[in-house]
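This report concerns only the one structure given below.
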Amino acid sequence: MIVRTVADLRRHVRGWRADGASIGVVPTMGALHDGHLSLARAARRDCDRVITTIFVNPKQFNNPADLLKYPRSEDADAALLATVPVDLIFAPATDEVYPEGFKTTVSVAGVSEPLEGRMRPGHFDGVATVVTKLFGMTMADRGYFGQKDWQQLQVVLRLVRDLNLPVEIIGCETIREADGLAMSSRNLRLTQAGRGKAAVLYRAITAAADDIRAGQSDRMAIREAAETIRAAGFDRVEYIELRDAQTLMPSDDPASPRRMLAAAWLDGVRLIDNIPV
Ligand code: AMP
């Protein structure tokens with residue numbers, strides 16, 4: 001069932017809550033793949049009712065061309081979600097989410113600022129604002145997010161703690177193609193040649209993480225990974241960083257959980273990935 005308005009969504013949710021059903025929400029921007037479906041399946045296992053939202057959120061696109069190019073495939077998405085299955089798809093129009101007069105921004109300081117936050121100004125304000133709204137609209141007990149977008153997951157965790165939102169956040173593992181490339185809607189924009197090289201990003205950061213665990217210096221391992229990625233034919237390595245897994249601040253303490261995060265351009269497509277170290 002596809003629902004377009006907040007009023008309709010609320011009608012369904014109120015009925016479910018009156019029956020004592022638990023509700024899980026899986027926020028997405030559509031163009032669904034197995035990564036998204038793994039979140040929906042996790043929600044299906046944990047919750048009595050599952051909502052998937054499909055909303056290409058203009059506020060989280062710092063680049064207007066990227067918003068215009070963003071793939072949209074609602075019928076195919078609905079067919080994929082029917083295989084899970086989910087109970088409801090919430091796919092509102094932009095002005096249903098941001099009606100005339102909308103003026104509020106949710107902004108998470110600290111964890112939003114480095115890496116993706118620095119490269120994509122305003123991106124995490126857009127994410128935090130829409131996620132807060134989706135939690136309010138769906139009244140979900142649990143929200144499912146992918147580790148693929150590690151920094152986003154940390155922003156959402158911080159947001160929920162700071163605002164006492166009554167929702168539990170579940171971070172789900174990154175689903176990868178057979179060669180290791182993290183699934184992403186943006187992979188569809190790669191040329192065939194680009195697709196052949198794309199998994200080098202994951203392989204290079206995995207090798208760097210292995211080297212660091214084996215005692216190599218963080219800087220040396222990261223420099224080698226960047227060289228490998230460039231040598232494979234990527235246009236540009238935007239960043240490869242080893243950070244505290246929660247705060248995303250620089251961390252040279254191997255005893256605390258750390259995450260290696262990377263962004264690189266291939267075929268004019270921006271790919272991101274991250275792994276534990
Ligand atoms: P998006 O539609 O790209 O905004 O993604 C919606 C949700 O799916 C986010 O929580 C993403 O982190 C998650 N997601 C996207 N790709 C993957 C993947 N390959 N594995 C796991 N989760 C993913």
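The values are calculated or read from the model by the stated rules, or taken from the named source; none is laboratory data. Quick caveat: nothing in here was measured; it's all calculated off a predicted structure. Note that we place each Cβ from the backbone using ideal geometry, even for glycine, and neighbour counts take in every protein chain shown. Protein only, heavy atoms only, side chains kept; ligands, DNA and RNA dropped before computing areas. Shrake-Rupley method; radii C 1.70, N 1.55, O 1.52, S 1.80 Å.
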## Note on the structure
Helix 200-213: inclination vs the chain longest Cα principal axis, degrees, rounded to 10, gives 70 degrees
### Message
Considering all projection directions equally, how large on average is the shadow of the alpha-carbon convex hull of the stretch 165-233, in square nanometres?
### Response
7.0 nm²
#### Entry: Amide H contacts of residue 238 (H built 1.01 Å from N, under 5 Å, at least 5 apart or other chain)
263, 264, 265
### Query
Once you sort the root eigenvalues of the Cα gyration tensor of the stretch 9-71 as a ≥ b ≥ c, which label holds: rounded (a/c under 1.5), prolate (a/b larger than b/c) or oblate (the other case)?
oblate
### Summary
Within the chain, pairs of Lys residues whose Cα atoms are less than 20 angstrom apart, provided they are eight or more positions apart or on distinct chains, add up to 5
### Query
Solvent-accessible area per residue for the chain at a 1.4 Å probe radius, Å²?
46 Å²
### Query
For helix 218-231, what angle does its Cα long axis make with the longest principal axis of the chain, in degrees from 0 to 90 and rounded to 10?
80 degrees
### Space enclosed by the convex hull of the alpha-carbon atoms of the stretch 44-104, per residue, Å³
125 Å³
## Note on the structure
Using the Cα gyration tensor of the chain, the equivalent ellipsoid's semi-axes, largest first and to the nearest Å, work out to 33, 20, 18
### Query
Considering only protein heavy atoms and a 1.4 Å probe, what is the carbon-and-sulfur percentage of the accessible area of the chain?
51 percent
### Query
With the chain treated as a Gaussian network of Cα nodes joined by springs under 10 Å, which of 227, 100, 74 yields the largest mean-square fluctuation?
100
### Message
At R0 = 30 Å, how high is the FRET efficiency between residue 8 and residue 206 if r is their beta carbon distance? Nearest 0.05 is fine.
### Response
0.10
## Note on the structure
Honestly the stretch 137-277 on the Cα gyration tensor test (a ≥ b ≥ c root eigenvalues; a/c under 1.5 rounded, otherwise a/b vs b/c for prolate or oblate) is just oblate
